[in-house]
1. Arrange I150, I45 by Cβ neighbour counts within 10 Å, fewest through most, would you?
2. List, in the order given, every pair from K44/K123; K44/K149; K122/K147; K123/K149 whose Cα-Cα distance in the structure shown is over 26 Å.
3. Report the full-extension gain for the segment S98 to S82: residue separation times 0.36 nm, less the Cα-Cα distance, to one decimal in nm.
4. Set the Förster distance to 22 Å, then compute FRET efficiency between I143 and F89 from the Cβ-Cβ distance, nearest 0.05.
5. Just need the relative contact order of region 26-141 here, percent rounded to a whole number, with Cα pairs under 8 Å and 6+ apart.
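Rule-based calculations on the coordinates, nothing more; no lab input. Only a predicted model underlies this, so the values are computations on that prediction, with no experimental measurement involved. Positions of Cβ are generated from backbone atoms using ideal geometry, with glycine treated the same way; all protein chains shown enter the neighbour counts.
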Amino acid sequence: RCVFKLCVSHAFSIQENNKTCFLWCGNWGLWNDVLHFSPVHPAKICHALREAGFQPGIFQVYEIDPRAFGFNSQNTLIYLCSPREKGDFFVPDADFESYSYERIVQLSDIPSATIAYFRQAKKQGERPFLFNLIPHILHKGAINTDKAKIIPVCESPTDYRSPPSGSAARK
């Protein structure tokens, strides 16, 4: 089993309240200082939010090709983010997989559990977490964003387009 100590940040290296956040990934050990990426294009998430009745605001993300940025099984891990009870921060080892480009392409659609979560949040009047139950790509190391494409997301109801296969977006 794995344990998360959660922070409100995109990287677990941020120190908050004098506590360093960390991520224990079972057989892969301790992974801190990781960047979180999504294999699901954010435009698909915006579309699902709209379908659930939300009106997401415009935001920007870095879109990168993991092949061009050196992602490999030594510096990158897939976290499947399977459903758990609210407040349960124990994650089974089976929720982590070795990185492969082919696998992230397989994970590029928004999970049905995420769509159901968005609908339930709307029904209960809650603000949903954008990347809840969506697989995460955890990358150890720096990314030179000078080489990354910045894309606007949720510009209008017609902004939903299928992204190129295998593109990943940093949250």
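1. Least to most surrounded, the residues fall as I150, I45.
2. Cα-Cα > 26 Å for K122/K147; K123/K149; rest within.
3. 4.2 nm is the gain from fully extending S98 to S82.
4. Computed FRET efficiency for I143 and F89: 0.25.
5. So the answer I get is 49 percent.
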